[in-house]
1. Based on Cβ point charges of +1 for Lys and Arg and -1 for Asp and Glu, what charge dipole magnitude is obtained for segment 1-150 about its Cα centre, in debye rounded to the nearest 20?
2. Between residue 15 and residue 91, what is the label-point separation in nm under the 7 Å Cα-to-beta-carbon projection?
3. Could you look at segment 100-166 and say what percent of its accessible area is carbon and sulfur, using a 1.4 Å probe and all protein chains?
4. Along the charge dipole of the chain, Cβ charges K/R +1 and D/E -1, which of 18, 84, 64 sits furthest on the positive end?
5. What is the extension gain from residue 43 to residue 156, computed as 0.36 nm multiplied by their sequence separation minus the C-alpha to C-alpha distance, in nm to one decimal?
6. Taking residue 139 as the anchor, which aspartates and glutamates have their alpha carbon closer than 20 Å to its alpha carbon, excluding any fewer than eight residues away along the same chain?
7. Suppose only helical runs count, i.e. DSSP H with n ≥ 4. What mean residue ellipticity at 222 nm does that imply for the chain under -39500 (n - 2.57) per run, divided by all residues and rounded to the nearest 500 deg cm²/dmol?
8. What longest range of the chain stays clear of loop-exposed GluC sites (Glu not before Pro) (DSSP non-H/G/I/E/B, at most 15 other C-beta within 10 angstrom)?
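The values are calculated or read from the model by the stated rules, or taken from the named source; none is laboratory data. Computed from a predicted structure; not experimentally measured. Don't worry about glycine lacking a Cβ; one is built from the backbone with ideal geometry, like all the others, and counts go over all protein chains shown. Heads up: the accessible areas ignore ligands, DNA and RNA and are worked out on the full protein's heavy atoms, side chains in. Shrake-Rupley method; radii C 1.70, N 1.55, O 1.52, S 1.80 Å.
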Amino acid sequence: MEASAAPIDAKAFRQALGAFATGVTIVATLEPGGEPRGFTANSFTSVSLDPPLVLVCVDNAASCHSAFAAAAHFAINILCEAQQHVSRAFASKSADKFAGMLWVSGTTGSPIFPDSTAWLDCELHDRVEAGDHLIVIGKVLSFGHSPAKRPLGYHRGSYIAFGLEG
(Lines give C-alpha, C1' and ligand atoms only; values in the text may rest on other atoms or scores of the structure.)
Protein backbone atom coordinates (compact mmCIF):
# COMPACT_ATOMS: atom_id res chain seq x y z
CA MET A 1 0.00 0.00 0.00
CA GLU A 2 1.37 3.40 -1.00
CA ALA A 3 1.54 6.25 1.46
CA SER A 4 -0.60 9.18 0.41
CA ALA A 5 1.05 12.57 0.34
CA ALA A 6 -0.26 15.38 2.48
CA PRO A 7 -2.25 17.98 0.53
CA ILE A 8 -0.11 20.75 -0.92
CA ASP A 9 -0.81 24.24 0.40
CA ALA A 10 -1.10 26.28 -2.82
CA LYS A 11 0.07 29.56 -1.27
CA ALA A 12 3.12 27.94 0.37
CA PHE A 13 3.91 26.10 -2.88
CA ARG A 14 3.77 29.36 -4.83
CA GLN A 15 6.10 30.98 -2.27
CA ALA A 16 8.56 28.09 -2.62
CA LEU A 17 8.53 28.47 -6.42
CA GLY A 18 9.09 32.21 -5.99
CA ALA A 19 12.50 31.44 -4.47
CA PHE A 20 13.72 30.68 -7.99
CA ALA A 21 14.83 33.96 -9.59
CA THR A 22 13.65 34.26 -13.19
CA GLY A 23 13.66 36.61 -16.09
CA VAL A 24 10.43 38.28 -17.21
CA THR A 25 8.87 37.85 -20.63
CA ILE A 26 5.88 39.09 -22.56
CA VAL A 27 4.41 36.31 -24.67
CA ALA A 28 2.35 37.69 -27.54
CA THR A 29 0.31 36.49 -30.49
CA LEU A 30 -2.40 37.68 -32.84
CA GLU A 31 -5.98 36.45 -32.73
CA PRO A 32 -7.46 35.34 -36.07
CA GLY A 33 -8.93 38.84 -36.57
CA GLY A 34 -5.49 40.42 -36.08
CA GLU A 35 -6.03 41.65 -32.51
CA PRO A 36 -2.80 41.36 -30.46
CA ARG A 37 -3.00 39.34 -27.24
CA GLY A 38 -0.34 38.74 -24.62
CA PHE A 39 0.62 38.12 -21.02
CA THR A 40 3.56 38.44 -18.64
CA ALA A 41 5.32 35.14 -18.00
CA ASN A 42 8.33 33.88 -16.13
CA SER A 43 7.47 30.30 -17.06
CA PHE A 44 9.73 30.29 -20.11
CA THR A 45 12.63 28.00 -20.98
CA SER A 46 14.72 26.77 -23.84
CA VAL A 47 13.99 23.18 -24.83
CA SER A 48 16.32 22.33 -27.70
CA LEU A 49 19.04 23.89 -29.84
CA ASP A 50 18.49 21.55 -32.80
CA PRO A 51 15.78 22.25 -33.72
CA PRO A 52 15.58 25.58 -31.83
CA LEU A 53 12.64 25.05 -29.45
CA VAL A 54 11.37 27.08 -26.48
CA LEU A 55 8.34 26.75 -24.25
CA VAL A 56 6.00 28.92 -22.23
CA CYS A 57 3.14 28.03 -19.91
CA VAL A 58 -0.27 29.70 -20.21
CA ASP A 59 -2.68 29.62 -17.26
CA ASN A 60 -5.96 27.96 -18.30
CA ALA A 61 -7.83 30.77 -16.50
CA ALA A 62 -5.99 33.56 -18.36
CA SER A 63 -8.13 35.80 -20.54
CA CYS A 64 -5.76 35.16 -23.47
CA HIS A 65 -5.73 31.35 -23.05
CA SER A 66 -8.03 30.73 -26.03
CA ALA A 67 -5.82 32.88 -28.28
CA PHE A 68 -2.74 30.78 -27.41
CA ALA A 69 -4.69 27.51 -27.55
CA ALA A 70 -5.42 28.32 -31.22
CA ALA A 71 -2.32 30.29 -32.25
CA ALA A 72 -0.06 29.01 -35.02
CA HIS A 73 2.61 31.61 -34.12
CA PHE A 74 3.74 33.58 -31.08
CA ALA A 75 6.64 35.69 -29.86
CA ILE A 76 8.51 35.73 -26.59
CA ASN A 77 9.93 39.10 -25.59
CA ILE A 78 12.59 38.99 -22.84
CA LEU A 79 12.21 42.27 -21.00
CA CYS A 80 15.01 44.60 -19.93
CA GLU A 81 15.24 46.43 -16.58
CA ALA A 82 13.61 49.55 -18.04
CA GLN A 83 10.44 47.61 -18.94
CA GLN A 84 8.84 47.02 -15.53
CA HIS A 85 5.87 49.10 -16.73
CA VAL A 86 5.39 46.72 -19.67
CA SER A 87 5.48 43.70 -17.36
CA ARG A 88 2.93 45.28 -15.01
CA ALA A 89 0.60 46.22 -17.88
CA PHE A 90 0.61 42.68 -19.28
CA ALA A 91 0.18 41.13 -15.82
CA SER A 92 -2.92 43.29 -15.27
CA LYS A 93 -6.55 42.54 -16.11
CA SER A 94 -6.61 45.46 -18.58
CA ALA A 95 -8.78 44.86 -21.64
CA ASP A 96 -6.19 46.41 -24.00
CA LYS A 97 -2.72 45.59 -22.72
CA PHE A 98 -1.15 46.84 -25.96
CA ALA A 99 -2.50 50.40 -25.56
CA GLY A 100 0.42 52.82 -25.63
CA MET A 101 3.00 50.03 -26.13
CA LEU A 102 5.64 50.20 -28.84
CA TRP A 103 5.64 46.96 -30.83
CA VAL A 104 6.32 45.78 -34.35
CA SER A 105 5.27 42.70 -36.29
CA GLY A 106 7.81 39.88 -36.36
CA THR A 107 8.40 37.51 -39.24
CA THR A 108 5.26 35.58 -38.29
CA GLY A 109 3.25 38.73 -37.59
CA SER A 110 3.49 38.19 -33.83
CA PRO A 111 4.10 41.28 -31.66
CA ILE A 112 7.77 42.05 -31.00
CA PHE A 113 8.82 44.66 -28.43
CA PRO A 114 11.96 46.16 -30.01
CA ASP A 115 13.14 47.67 -26.69
CA SER A 116 13.41 44.20 -25.13
CA THR A 117 16.76 42.67 -24.31
CA ALA A 118 15.86 39.80 -26.67
CA TRP A 119 12.92 38.42 -28.66
CA LEU A 120 12.08 35.07 -30.24
CA ASP A 121 9.53 34.74 -33.04
CA CYS A 122 8.08 31.23 -33.12
CA GLU A 123 5.79 28.90 -35.00
CA LEU A 124 3.83 26.35 -33.01
CA HIS A 125 5.66 23.05 -32.53
CA ASP A 126 3.36 21.43 -29.94
CA ARG A 127 0.84 22.04 -27.16
CA VAL A 128 0.63 19.95 -23.99
CA GLU A 129 -2.11 20.12 -21.36
CA ALA A 130 -0.49 20.05 -17.91
CA GLY A 131 -2.60 20.59 -14.81
CA ASP A 132 -4.02 24.10 -14.76
CA HIS A 133 -1.71 25.31 -17.56
CA LEU A 134 -1.17 24.82 -21.27
CA ILE A 135 2.45 24.27 -22.28
CA VAL A 136 3.08 25.89 -25.66
CA ILE A 137 6.25 24.78 -27.44
CA GLY A 138 7.50 26.92 -30.30
CA LYS A 139 10.10 26.49 -33.00
CA VAL A 140 12.14 29.69 -33.22
CA LEU A 141 12.05 31.11 -36.76
CA SER A 142 13.83 34.39 -36.03
CA PHE A 143 15.27 36.23 -33.05
CA GLY A 144 17.18 39.30 -31.98
CA HIS A 145 18.96 40.57 -28.90
CA SER A 146 20.60 43.65 -27.41
CA PRO A 147 23.59 42.48 -25.34
CA ALA A 148 24.01 45.92 -23.74
CA LYS A 149 20.57 45.79 -22.08
CA ARG A 150 20.26 44.17 -18.64
CA PRO A 151 17.36 41.71 -18.24
CA LEU A 152 14.46 42.35 -15.89
CA GLY A 153 14.43 39.84 -13.05
CA TYR A 154 11.74 38.57 -10.70
CA HIS A 155 12.19 36.93 -7.29
CA ARG A 156 9.76 36.31 -4.41
CA GLY A 157 7.11 38.62 -5.82
CA SER A 158 9.37 41.58 -6.63
CA TYR A 159 11.37 42.85 -9.56
CA ILE A 160 15.13 42.56 -9.13
CA ALA A 161 18.31 43.67 -10.85
CA PHE A 162 20.63 40.82 -11.65
CA GLY A 163 23.72 43.04 -11.26
CA LEU A 164 25.45 41.54 -14.26
CA GLU A 165 29.11 42.36 -14.71
CA GLY A 166 29.80 43.91 -18.10
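1. On the way: 10 positive and 14 negative charges, 88 e Å.
Computed charge dipole of segment 1-150: roughly 420 debye.
2. Taking the simple label geometry, residue 91 and residue 15 are separated by 1.8 nm.
3. Details: 2050 of 3830 Å².
Carbon with sulfur: 53 percent of the solvent-accessible area.
4. 84
5. Details: separation 113, 0.36 × 113 = 40.68 nm, distance 1.42 nm.
Full extension of this stretch gives 39.3 nm more.
6. Excluding near neighbours in sequence, the set is 31, 50, 121, 123, 126, 129.
7. Working: 3 runs with 22 residues, N = 166.
Roughly -3500 deg cm²/dmol at 222 nm, from the helical runs in the chain.
8. Details: sites that count: 2, 165.
Answer from the scan: 3-164.
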